[in-house]
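Here the structure comes first, spelled out in structure tokens, and everything after it is commentary.
The values are calculated or read from the model by the stated rules, or taken from the named source; none is laboratory data. Just so it is clear, the model here is predicted, and its values are computed rather than measured. Neighbour counts run over all protein chains shown; Cβ positions are idealised from the backbone, glycine included. Please note that ligands, DNA and RNA were not included when accessible areas were found on the heavy atoms of the full protein model with its side chains. Shrake-Rupley method; radii C 1.70, N 1.55, O 1.52, S 1.80 Å.
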Amino acid sequence: MKNFEFEQLRPSALLQRGWMSSLLLVLVSMLTLMTSCSDNDDIIYEPILKGKISSYNEFGAAMLDFTETDMAKAGFSLGDVISITIDDKEIVMPYYDGYYTRNGEYLCVAYPTYPSICFTANNIGVPKELTGLEGHNVIVRLKKKGGRLDVQQALSMKYLNIRSEYSISDEEYANARAVSAGHIAKGMLHRSSSPFCNDINRAYYVSEYLEREKVKTVLNLADTEEKMMTYDMPPYSRKLWEEGDVILCPLKADPTADDYNRRLIEALKELPSRPAPYVVHCMEGKDRTGYVCALLEGLCGATYEEIVADYLITYDNYYLIKPVQNSELCNTLVSLRLNTCLMYYAGVDDEAQLPNVDYAKAFSDYLLSHGMSQQQLDALVQVLTGSNQ
């Protein structure tokens, strides 16, 4: 059972000079006595919850030893602004059920598929000084009730893993589709949720899609070899894995991180030497897949509008959010998530510049400046656009 406490906030006496000071002290004493005799009905309580850091997940988030239910019992609600104190270091952050902040901004998360609460800097993980603290005490305090409730209500999205709950095609349910933005050749590049891990009940639908589309090479952004060995894979997915047609490139969802780009660029160098068609996937085919596909689309001449349109299809497939009917929400999603990636690769500091960027040039410049040769870059563009055939 978690340790729930409440801090009392009582009025303090105002010290003044002369007889006014004495009178005020008497009045305060009388009010305090009245409050004490009324079963504490008028005392204001501040929620506080104590726990420990239990572990760190694969994305560098600090997992805590209490749940969303524990938070609710202690008096916290999604959308509150809270503080988390560890070893006398206090960090103020919003409390959400999803990653609704920009890259690098702190948040506390009750993510639906996580076993407990965690806190992290979005897509980056906690900084080095907050790693290795398993077992250290954590104190959660309320800073502002409902201080970010507007963001929580606007962005809170949950999808279902039950096929019968979606009146869409199997491909849409699997978030599987061909990528055709810019000059990418028809049927050359695909994207999807995981064809290997069936935790979200979509792997078998993805596998059937890949077999039908005759996909020959997989760029896997989610899994290590150790993870792959634990999966009960669908038949065509297992065939791809056992025949060596999977490029493993496990990434955290931070496209600005050096390790992310080093791993990705090495994988993209290898891609043209593998047979097409290709598929890019992570777990949901949403963030990591969205960032990599945006890079490849822009590299092959896609416009900002094309990149955004492809990115938002995923939110329609999972959450039935359509850009026309939900334009404000879609604009927020793009601003918080996709635009950070595009700004980084394009080398711009203002979102307003993004529609005017020459992505083929900007993304080529980025890859060339981060270890890809001109020959390797040309080979990648040629294989995606079909100009090498």
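Values computed for the structure shown
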item	result
Test: residue in segment 112-130 that is among the hydroxyl-bearing types (Ser, Thr, Tyr) and closer than 15 Å to Met71 by Cα	yes
Filtered residue count, segment 144-171, keeping only those that are among the polar types (S, T, N, Q), touching a Phe, Trp or Tyr at 6+ places or on another chain (Cβ under 8 Å) and part of a helix (DSSP H, G or I)	1
Selection count where residues are in contact with a strand residue (DSSP E or B) (Cβ under 6 Å, 6 or more places away or on another chain) and among the basic types (Lys, Arg), scope segment 166-203	1
In segment 44-63, the residues that are surrounded by 21 or more Cβ atoms within 10 Å (Cβ to Cβ) and among the β-branched types (Val, Ile, Thr)	Ile53
Subset of segment 184-211 (residues that are farther than 16 Å from Pro277 by Cβ and assigned to a loop (DSSP other than H, G, I, E, B))	Ser193, Ser194, Phe196, Cys197, Asn198, Asp199, Ile200, Asn201, Arg202
Failed condition for Tyr96, given (1) at pLDDT below 95; (2) under 18 Å from Arg337 (Cβ atoms)	(1)
Enumeration of residues in segment 295-316 that are in contact with a strand residue (DSSP E or B) (Cβ under 8 Å, 6 or more places away or on another chain) and open to solvent by less than 10 Å² (accessible area, probe 1.4 Å)	Leu296
Residues satisfying the stated conditions in segment 179-189, i.e. in contact with a Lys or Arg (Cβ under 7 Å, 6 or more places away or on another chain) and either under 21 Å from Ala222 (Cα atoms) or among the β-branched types (Val, Ile, Thr) (or both)	Val179
Considering residues of segment 138-195 that are of a type in the set (Ser, Thr, Tyr) and open to solvent by less than 70 Å² (accessible area, probe 1.4 Å) only, the residue nearest to Val308 (Cα to Cα)	Ser192
Residues that are buried (at least 17 other Cβ atoms within 10 Å of the Cβ) and either assigned to a helix (DSSP H, G or I) or acidic (Asp, Glu) (or both), drawn from segment 317-334	Asn317, Tyr318, Leu329, Cys330, Leu333, Val334
One residue from Ala309, Ala362 being in contact (Cβ under 8 Å) with a residue 60 or more places away in the chain, out of contact with any Gly (no Cβ under 6 Å at 6 or more places or on another chain) and either closer than 24 Å to Ala176 by Cα or of a type in the set (Lys, Arg) (or both)	Ala309
Those residues of segment 258-298 which are hydroxyl-bearing (Ser, Thr, Tyr) and over 20 Å from Val206 (Cα atoms), in sequence order	Tyr260, Ser273
Residues of segment 343-354 classified as surrounded by 10 or more Cβ atoms within 10 Å (Cβ to Cβ), over 19 Å from His183 (Cβ atoms) and not small (Gly, Ala, Ser), total	6
Single residue of segment 374-389 satisfying the filter (outside any helix (DSSP H, G or I) and open to solvent by 50 Å² or more (accessible area, probe 1.4 Å)) that is farthest from Arg262 (Cα to Cα)	Gln389
Those residues of segment 178-215 which are at negative phi and among the charged types (D, E, K, R), in sequence order	Lys186, Arg191, Asp199, Arg202, Glu208, Glu211, Arg212, Glu213
